[in-house]
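Asker: Shown below is the structure under consideration.
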Amino acid sequence: MSKGIFITATGTNVGKTFVTGLMVKKLREAGHNAGYYKVALSGAEVTEHGLIPGDADSVNRVAAIGETMENLVTYVYKNPFSPHLAAIIEGNPVEMDIVKAAYKKAATNYDYLTVEGSGGIVCPIRYDDTKIMLEDIIKELGLSTLIIADAGLGTINATVLTVEYMRQKNIPIKGIIFNRYHEGSVMEEDNKMMVEIMTGLSVIAFVKENDTELKIDTDKLVALYE
Ligand SMILES: Nc1ncnc2c1ncn2[C@@H]1O[C@H](COP(=O)(O)OP(=O)(O)OP(=O)(O)O)[C@@H](O)[C@H]1O
Ligand SMILES: [Mg+2]
């Protein structure tokens with residue numbers, strides 16, 4: 001029976017892919033059969049061999065998964081827009097049944113699946129006659145979540161708003177990981193304290209610039225997956 005966790009963030013480019021790569025790498029180095037899955041990726045690189053989904057390619061390499069792109073990400077859009085808009089322009093809108101089948105397939109191949117979201121937590125995945133928000137996918141896949149937040153200025157606001165929205169939508173949250181953390185920064189220490197007080201959640205790991213290992217006990221990391 002496969003276990004999973006959904007990775008969201010306080011916004012796009014905050015470090016979901018970077019941190020996910022380190023999480024999957026750590027699990028695999030500990031001998032676990034860990035994989036990666038992403039529903040929809042926008043802004044794929046256009047090459048002569050077709051579209052390259054950067055996030056999936058990156059995690060595949062960092063964590064040495066050795067998986068095919070089509071098994072790692074189901075919907076790949078060229079335009080660097082929210083998936084709902086990319087699909088309006090390019091076609092191929094997200095179908096929940098296809099997502100469920102792709103996730104099920106990934107879950108039969110891996111014991112621990114790290115599922116990366118798109119953008120922040122408020123992300124329209126499809127918005128035509130059918131409407132799918134990111135939280136619908138999290139709920140449909142039955143996943144709990146981790147929030148990636150920047151350690152620096154602005155994170156109290158961004159993290160508390162993210163947590164409040166997720167609680168309003170009844171999405172379970174396991175904890176927060178601070179990215180681009182600087183040891184000894186008075187502000188970042190205070191950010192950790194204030195975010196923990198204001199959300200009741202723990203900042204469970206700190207990732208610095210260009211870290212190559214996630215500094216967290218393997219048992220604690222494994223316990224996040226359910
Ligand atoms: N700790 C870090 N050290 C060095 N580079 C980082 C770090 N965190 C993120 N980056 C870089 O910053 C950029 C944005 O990070 P990343 O792609 O992980 O964000 P994301 O939240 O996955 O974005 P998206 O919403 O597009 O999926 C990438 O080029 C990534 O390699
Ligand atoms: Mg990403």
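Where a number appears in this text, it was derived from the coordinates with a stated rule and is not lab data. Not measured: the values here are computed from a predicted model. We place every Cβ from the backbone using ideal geometry, glycine too, and count neighbours over all the protein chains shown.
Asker: Of the residues that sit in the range 16-35 and are crowded, with 22+ Cβ neighbours inside 10 Å and of a type outside the set (A, V, I, L, M, F, W, C), which one is farthest from ligand 1 (Cβ to nearest atom)?
Answerer: Filtering first and then ranking leaves Gly35.
Asker: Okay, moving on. Report yes if some residue within the range 77-91 is among the aromatic types (Phe, Trp, Tyr), within 18 Å of Val122 (Cα to Cα) and surrounded by 22 or more Cβ atoms within 10 Å (Cβ to Cβ); otherwise report no.
Answerer: Let us first name the residues in the range 77-91 that are among the aromatic types (Phe, Trp, Tyr), namely 77, 81.
Narrowing further to those that are within 18 Å of Val122 (Cα to Cα): 81.
When the remaining residues are screened for being surrounded by 22 or more Cβ atoms within 10 Å (Cβ to Cβ), the result is none.
Looking through the range 77-91, none of the residues is among the aromatic types (Phe, Trp, Tyr), within 18 Å of Val122 (Cα to Cα) and surrounded by 22 or more Cβ atoms within 10 Å (Cβ to Cβ).
Asker: Quick one: how many residues across the range 48-66 are more than 12 Å from ligand 1 (Cβ to nearest atom), surrounded by fewer than 18 Cβ atoms within 10 Å (Cβ to Cβ) and over 22 Å from Leu85 (Cα atoms)?
Answerer: Step one: of the range 48-66, the residues more than 12 Å from ligand 1 (Cβ to nearest atom) are 48-52, 60, 63-66.
If we keep only those that are surrounded by fewer than 18 Cβ atoms within 10 Å (Cβ to Cβ) too, we end up with 48-52, 64, 66.
Remaining after also requiring over 22 Å from Leu85 (Cα atoms): 48-49, 64, 66.
Residues meeting the conditions: 4.
Asker: Going by what's in this entry, would Met133 be described as more than 17 Å from the chain's Cα centre (by Cα), more than 16 Å from ligand 2 (Cβ to nearest atom) and among the hydrophobic types (A, V, I, L, M, F, W, C)?
Answerer: On the way: more than 17 Å from the chain's Cα centre (by Cα): no; more than 16 Å from ligand 2 (Cβ to nearest atom): yes; among the hydrophobic types (A, V, I, L, M, F, W, C): yes.
No, not satisfied.
Asker: Which one of these is of a type in the set (Asp, Glu) and surrounded by 13 or more Cβ atoms within 10 Å (Cβ to Cβ): Asp190, Asp211, Asp219?
Answerer: None of the others qualify; the one that does is Asp211.
Asker: Within the range 103-150, can you find the residues that are touching a helix residue (DSSP H, G or I) at 6+ places or on another chain (Cβ under 8 Å) and among the small types (Gly, Ala, Ser)?
Answerer: Ala106, Gly117, Ser118, Gly119, Gly120, Ala149
Asker: Here's something else I'd like to know. For the range 88-99, indicate whether the set of residues that are free of Cβ contacts under 8 Å to residues at least 60 places away in the same chain, in a strand (DSSP E or B) and either more than 16 Å from ligand 1 (Cβ to nearest atom) or farther than 19 Å from Arg167 by Cα (or both) is non-empty.
Answerer: The initial filter retains those residues of the range 88-99 that are free of Cβ contacts under 8 Å to residues at least 60 places away in the same chain, namely 88-98.
Those left that are additionally in a strand (DSSP E or B): none.
Scanning the range 88-99 turns up no residue that is free of Cβ contacts under 8 Å to residues at least 60 places away in the same chain, in a strand (DSSP E or B) and either more than 16 Å from ligand 1 (Cβ to nearest atom) or farther than 19 Å from Arg167 by Cα (or both).
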